[in-house]
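These notes concern the structure reproduced below.
The values are calculated or read from the model by the stated rules, or taken from the named source; none is laboratory data. Bear in mind the structure is a predicted one, so any value in this text is a computation, not a measurement. Cβ atoms come from the backbone with ideal geometry, glycine included; neighbour counts cover every protein chain shown. Side chains are part of the model used for accessible areas, which takes the heavy atoms of the whole protein and leaves out ligands, DNA and RNA. Shrake-Rupley method; radii C 1.70, N 1.55, O 1.52, S 1.80 Å.
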Amino acid sequence: MNSRQTDIRMARVNNVDLAYQCFGDSAQPVLLLVMGLGAQMQTWPEGFCQRLAEQGYYVIRFDNRDCGQSSSLDNAGLPDIGALMRGDSPTMPLPYGLDDMADDAFALLDYLQIKRAHVAGASMGGMIIQHMSLRQPDRLISLMPIMTTSGAPSLPLPTPTAQAVLLTPAPVPLHEHTFVPFCVQGWRVLCGADLPFEEPRIHELAQSTFRRGYNPAGIARQFAAILMDGDRTHRLGAIKTPTLVIHGSADPLILPQAGQAVANAIPGAQFELIDGMGHDIPQARWESIVGKMRAFMAKAQGTSP
């Protein structure tokens, strides 16, 4: 089908509703984009998605469960993040893990009748796609973890300011006029100091994040899934999918050593460091990132870049 859908639709899959959006021609190879902790689909910038579609890919982005316009699992309760970070056993059963979120992504592909796809995941999304490659490797053409980690405990911690962004709760009571500056300031830290801060883009992202459904409890449940997933290093050695690991040289949240560790753990993986990029997909580096992704996907699917 030669469609050029850009509206947001809903898919009932894996016992949750997932909001998703597509760019480009559905007859082209599929690229599924999986976002990170508490980050809604528009954190993959629309212009970035359009550029990938212009390179000949059918690009799909979606809200993970417990985020944005997808299902919130509020009946599951609120995990004790402090206890989990101390290494204590959870005091209540966690409603899902990263493997369940990987199954969500596959279920969305099934819903759209897509047999195989390239997959890229940012931050927690990069962890989710690691699980995808381990669970159903025959479904993936290529694997592109971006600004993510293997979960190895020996890796360096975030910078103190980035860790504070991760752990500081949103203002209460929560209103758009208090949330937006709080969110923009957090992104100012996460984007790093090497490139000019793209404030208009981030301000728009903060507004849309609040308006589409900011869910702190959902973020806590996603964070619990990350904490309980542990060290994937040895599991990553079983990945056979062609893999390109992309990381920013100025990432203060997940430092570049973590991306290198992912590449080192996956046999034959390629590692690309994007100069000046923080924990973000800055417009100033879209051309570089899209170019590297395009060349790698073309190689993985056996065509010329």
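Each row is one residue, and each column tells you yes or no for (1) open to solvent by 50 Å² or more (accessible area, probe 1.4 Å); (2) touching an Asp or Glu at 6+ places or on another chain (Cβ under 7 Å).
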site: LEU244; (1), (2): no, yes
site: ASP251; (1), (2): no, no
site: ILE254; (1), (2): no, no
site: GLN270; (1), (2): yes, no
site: ASP280; (1), (2): no, no
site: ARG285; (1), (2): yes, no
site: GLY291; (1), (2): no, no
Quiz item: How about the stretch 244-258: which of its residues are of a type in the set (S, T, N, Q) and out of contact with any helix residue (DSSP H, G or I) (no Cβ under 8 Å at 6 or more places or on another chain)?
Solution: GLN257
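From the list ASP17, ASP7, exactly one residue is out of contact with any helix residue (DSSP H, G or I) (no Cβ under 7 Å at 6 or more places or on another chain), farther than 24 Å from PRO93 by Cβ and touching a residue at least 12 places away in the same chain (Cβ under 8 Å). Which is it?
Within the list ASP17, ASP7, the selection yields ASP7.
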Quiz item: Within the set of pairs 6+ apart or on separate chains, which have a first residue in the stretch 93-109 that is closer than 20 Å to SER123 by Cβ, a second that is open to solvent by 40 Å² or more (accessible area, probe 1.4 Å) and of a type in the set (Lys, Arg), and C-beta atoms under 6 Å apart?
Solution: ALA102/ARG135
Self-check item: Scan of the stretch 22-66 for residues that are within 19 Å of ILE129 (Cβ to Cβ), touching a Phe, Trp or Tyr at 6+ places or on another chain (Cβ under 9 Å) and among the polar types (S, T, N, Q), ordered by number
Solution: GLN40
Quiz item: Do you know which residues across the stretch 29-84 are in contact with a strand residue (DSSP E or B) (Cβ under 8 Å, 6 or more places away or on another chain), more than 18 Å from CYS183 (Cβ to Cβ) and of a type in the set (A, V, I, L, M, F, W, C)?
Solution: VAL30, LEU31, LEU32, LEU33, VAL34, CYS49, LEU52, ALA53, VAL59, ILE60, PHE62, LEU73
Self-check item: Positions within the stretch 183-195 being surrounded by fewer than 16 Cβ atoms within 10 Å (Cβ to Cβ) and assigned to a helix (DSSP H, G or I), in sequence order
Solution: GLN185
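Yes/no per residue for (1) surrounded by 17 or more Cβ atoms within 10 Å (Cβ to Cβ); (2) closer than 22 Å to LEU255 by Cα:
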position: ASN75; (1), (2): no, no
position: LEU78; (1), (2): no, no
position: ALA83; (1), (2): no, no
position: ALA102; (1), (2): yes, no
position: MET124; (1), (2): yes, yes
position: HIS131; (1), (2): yes, yes
position: GLN136; (1), (2): no, no
position: ARG139; (1), (2): yes, no
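For the stretch 158-182, how many residues are closer than 13 Å to HIS279 by Cβ and open to solvent by 60 Å² or more (accessible area, probe 1.4 Å)?
Counting residues in the stretch 158-182 that are closer than 13 Å to HIS279 by Cβ and open to solvent by 60 Å² or more (accessible area, probe 1.4 Å) gives 3.
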